[in-house]
Amino acid sequence: MTRARAQVRCVVIGAGWSGLACAVEAVRQGAAVTLVDAAPAIGGRARRVDLRIGDRDFTVDNGQHLLLGACTETIALMCRLGVDPDLALFSQPFKVEYPDGWRIGAIGVPAPLHLALGLVRARRVAWRDRLALAAWVAHQRRREWHVAEDCPVAELLQTQPGALVRRLWRPLCIAAMNAEPEQASGRMFMNLLRLTLGAAERDSRLLLTRRDLSATMPEAAFQYLNGAGATVALRQPAAALARSGSGWSVLLREQRMEADQVVLALPAEAAIRLLESASIEALQPTIEKLRNLQYEPIATVYLRYPSPVRLPGPVFALLDDAGQGRPGQWVFDRGRIEPAHQGILSVVIGAPALRFERDRNVLRAAVDRQLSAEFGLPPSLAQNIVIERRATLLPAIGLSRPAPRLPVNGLYLAGDIAESPFPSTLEGSVRSGLEAARLAQFDASHCQ
């Protein structure tokens, strides 16, 4: 008579998108999961917040996030958790459009015609620019969007006309990487393009959350974990890690937990503290890599207008120039996506502009003037701003992150601190969490 295999005890530290994905996958694989987080709410850097705009409170996101059709693992996770992507997400073909009428994008036909016909239908784009763009995309397709040696995004765009770089490539680089083309990793940028513009039409589609980020995936994950018997402990910061026999001891604020496996789904600084507390020499190279990671901020300005005020479409790019008082890079008409948000516009300001000006009042007033100038809007009734100071990792050229399986048995990393072909994105976080859970399951099955 064979003995039943013991259930693996897995502690996931960090309840952001990566930690939630990891915990869900670990439960599905049969582990006894405990998910802990120091924060009072799940979702990490992509969650719902309550924000007062003038004399009213609104439920918004802590930053205006954007998903793409290529976020296949995120969408698959939503479906597994019972969230219908068609109801949760507003979908439109890939498009970059400006208030002055300049527009380029795809149309809803099979690839590669979605891009080719999109170029034909572009507006206010010189034909020489369209041909240069078509030639560049065709060249990258032949190379399978591969970069032999990492280099700045700007270097990959040397053959592109200045107008295309200014109006198409730079805004896409900042939106996807939160960095200027001169700073950002060309290899990571091309990985993103391969999965979006280089794939099927559905993969390039823009997906906007209809309600809020917490309702898109985290709340469904929380309900799943509770229903599956997992433990979710919020307001429980992890203070220290220590070896305990063949497993681990995790010291929390109010208790000590024993685990066979621990996954750190945390920002770099918090992960470093825990790894240092373990006092294990083999972890020093990992700690040093984490110390070299740099974070960048993102701000979202929410502006409230009378309900009849609407933009011509749900999303527009903006010609930003922080030095001239135009910090906004993208604007979203939330009322076109979520009826409860009629009259609410959200404007995203990435790290390049925030380095120039970080005063909240100055930013709010500048964005208000910028929208009035671009769209002819009246001054807003009220504004508020959310700034995530450590929103994304700087996707530096040659960025080196630790592998998700650490060189000590039973210890793993997840999130944007772990090795990945992608920058800090929601899809990258979900993929990393799933990978950590699968590695842990593989290791557990081979140790039994």
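The values are calculated or read from the model by the stated rules, or taken from the named source; none is laboratory data. Fair warning: this is a prediction, and the values are worked out from it, not measured in the lab. Neighbour counts run over all protein chains shown; Cβ positions are idealised from the backbone, glycine included. With ligands, DNA and RNA removed, areas are computed over all heavy atoms of the protein, side chains included. Shrake-Rupley method; radii C 1.70, N 1.55, O 1.52, S 1.80 Å.
Report yes if some residue within the range 119-142 is over 23 Å from Ser420 (Cα atoms), at pLDDT 90 or above, under 25 Å from the mean Cα position of the chain (by Cα) and not in a loop (DSSP other than H, G, I, E, B); otherwise report no. Within the range 119-142, one or more residues are over 23 Å from Ser420 (Cα atoms), at pLDDT 90 or above, under 25 Å from the mean Cα position of the chain (by Cα) and not in a loop (DSSP other than H, G, I, E, B). Checking each residue in the range 184-193 for being in a helix (DSSP H, G or I), of a type outside the set (A, V, I, L, M, F, W, C) and open to solvent by less than 10 Å² (accessible area, probe 1.4 Å) picks out only Gly186. For the criterion of being touching a strand residue (DSSP E or B) at 6+ places or on another chain (Cβ under 9 Å), touching a residue at least 60 places away in the same chain (Cβ under 8 Å), open to solvent by less than 60 Å² (accessible area, probe 1.4 Å) and on the phi < 0 side of the Ramachandran plot, Leu168 passes. Residues in the range 321-343 that are of a type outside the set (D, E, K, R) and either within 15 Å of Arg210 (Cα to Cα) or open to solvent by less than 20 Å² (accessible area, probe 1.4 Å) (or both): Pro327, Gly328, Gln329, Val331, Phe332, Gly335, Ile337, Pro339, Ala340, His341, Gln342, Gly343. Confirm whether Ala220 is in a strand (DSSP E or B) and open to solvent by less than 80 Å² (accessible area, probe 1.4 Å). No; evaluated as a whole, the condition is false for this residue. Among the residues of the range 367-416, those identified as more than 29 Å from Gly343 (Cα to Cα), of a type in the set (Gly, Ala, Ser) and either open to solvent by 20 Å² or more (accessible area, probe 1.4 Å) or not in a loop (DSSP other than H, G, I, E, B) (or both) are Ala396, Gly398, Ser400, Ala403.
The single residue among Arg211, Arg243 that is touching a helix residue (DSSP H, G or I) at 6+ places or on another chain (Cβ under 9 Å), closer than 20 Å to Val8 by Cα and either open to solvent by 50 Å² or more (accessible area, probe 1.4 Å) or free of Cβ contacts under 8 Å to residues at least 40 places away in the same chain (or both) turns out to be Arg243. Every condition in (1) within 19 Å of the chain's Cα centre (by Cα); (2) of a type in the set (Ser, Thr, Tyr); (3) surrounded by fewer than 20 Cβ atoms within 10 Å (Cβ to Cβ) is met by Ser346 except one, and the failing one is (3).
Taking the listed residues Ala299, Ala259, the one that is closer than 13 Å to Ile13 by Cβ, open to solvent by less than 10 Å² (accessible area, probe 1.4 Å) and touching a Lys or Arg at 6+ places or on another chain (Cβ under 9 Å) is Ala259, with no other qualifying.
Figure legend. Inter-residue proximity from the range 402-416: first residues more than 11 Å from Gly19 (Cα to Cα), second residues of a type in the set (D, E, K, R) and crowded, with 22+ Cβ neighbours inside 10 Å, beta-carbon distance below 8 Å, spacing 6+ or different chains. Indicated pairs: Pro404/Glu435; Gly410/Asp260. With respect to being open to solvent by 40 Å² or more (accessible area, probe 1.4 Å), aromatic (Phe, Trp, Tyr) and at pLDDT below 95, Phe356 fits the description. Restricting the range 304-320 to residues that are under 27 Å from Arg56 (Cα atoms) and of a type in the set (D, E, K, R), the residue that is surrounded by the most Cβ atoms within 10 Å (Cβ to Cβ) is Arg304.
Looking only at residues in the range 111-135 that are in contact with a Leu (Cβ under 8 Å, 6 or more places away or on another chain) and surrounded by fewer than 17 Cβ atoms within 10 Å (Cβ to Cβ), the one that is farthest from Ala199 (Cα to Cα) is Ala132. Filtering the range 52-87 to residues that are open to solvent by 20 Å² or more (accessible area, probe 1.4 Å) and in a strand (DSSP E or B) leaves Arg52, Arg56, Asp57, Thr59, Leu68. Hey, could you check the range 50-75 for residues that are in contact with a helix residue (DSSP H, G or I) (Cβ under 9 Å, 6 or more places away or on another chain) and of a type in the set (A, V, I, L, M, F, W, C) and say which is farthest from Val348 (Cα to Cα)? Checked the range 50-75; the qualifying residue farthest from Val348 (Cα to Cα) is Ile75.
Restricting attention to the range 143-183, the residues that are of a type outside the set (Lys, Arg) and assigned to a helix (DSSP H, G or I) total 17.
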